Every structure is written in C-alpha cells, then in structure tokens.
Amino acid sequence: MSRGLRGFAESASRALISTRNTTGLQQQRLAGDLPVKPNKFVEAWGTKREHIEETYKWDGDVWRTIGIYVFAVPILIYTVIKKEYHNSDRTYGRKEREFM
C-alpha cells in the first residue's frame, strides 16, 4: 500500500511541478493567466532597485546622516539619561554617581 501511495504522490508532484505545455516552456504566473501589460515605469524602478550598488554614491549627505545616527544620537541619549540620574540624586540628597 505504501509503495502505491508513494508512486501516486511522485506522479502528482511531477504533474504539478511541470511547467511545459504543448508549445514549449510556459511562463509561470502567480496570479493565474491574466492578461497583464508591463508598465515601463515600474519595470525601470525595479531594474534600478536591483542594481542599487552600481548607482549609489557616497557623498556628504550620506556621511552626515551616518554621523548623526551613529554618533550624535547615542551621545545625546547618554547625556540626557546621565543628567536625569544626577537630577534625581540631587533631589533625594544622594551623592552623584560616576559614569565613565
């Protein structure tokens, strides 16, 4: 019984995987066989997105953005948290803590 079931499963999977028809290779579509016209603007955007490493430029704006998010924002967050700890220590009469 198991051998017959396995053979049936293999033939069914071969039939599902096969994309050939009588005229040759058939394009596999995810939305069925809809008559879709390609939009040249969408195609150009997709091509540009696929080849971003060839068109990307490292300029001053990129370095400024990296500097802001990698250095300035963490330093600002650390400074605000440190000030908050010092304010709470002064409020409750404790000795200020040492940070780094």
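Residue under question is LEU30, and the condition is that it be of a type in the set (A, V, I, L, M, F, W, C) and modelled with pLDDT under 90; does it hold?
Values: of a type in the set (A, V, I, L, M, F, W, C): yes; modelled with pLDDT under 90: yes.
So LEU30 passes the test.
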Residue tally, condition surrounded by 10 or more Cβ atoms within 10 Å (Cβ to Cβ) and modelled with pLDDT under 70, over region 1-18: 1
Verdict on THR91 being free of Cβ contacts under 8 Å to residues at least 40 places away in the same chain, of a type outside the set (Asp, Glu) and surrounded by 10 or more Cβ atoms within 10 Å (Cβ to Cβ): no
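The values are calculated or read from the model by the stated rules, or taken from the named source; none is laboratory data. Keep in mind that this is a model prediction, so the values were computed, not measured. Here the Cβ is made from the backbone with ideal geometry for all residues, glycine too, and neighbour counts use every protein chain on show.
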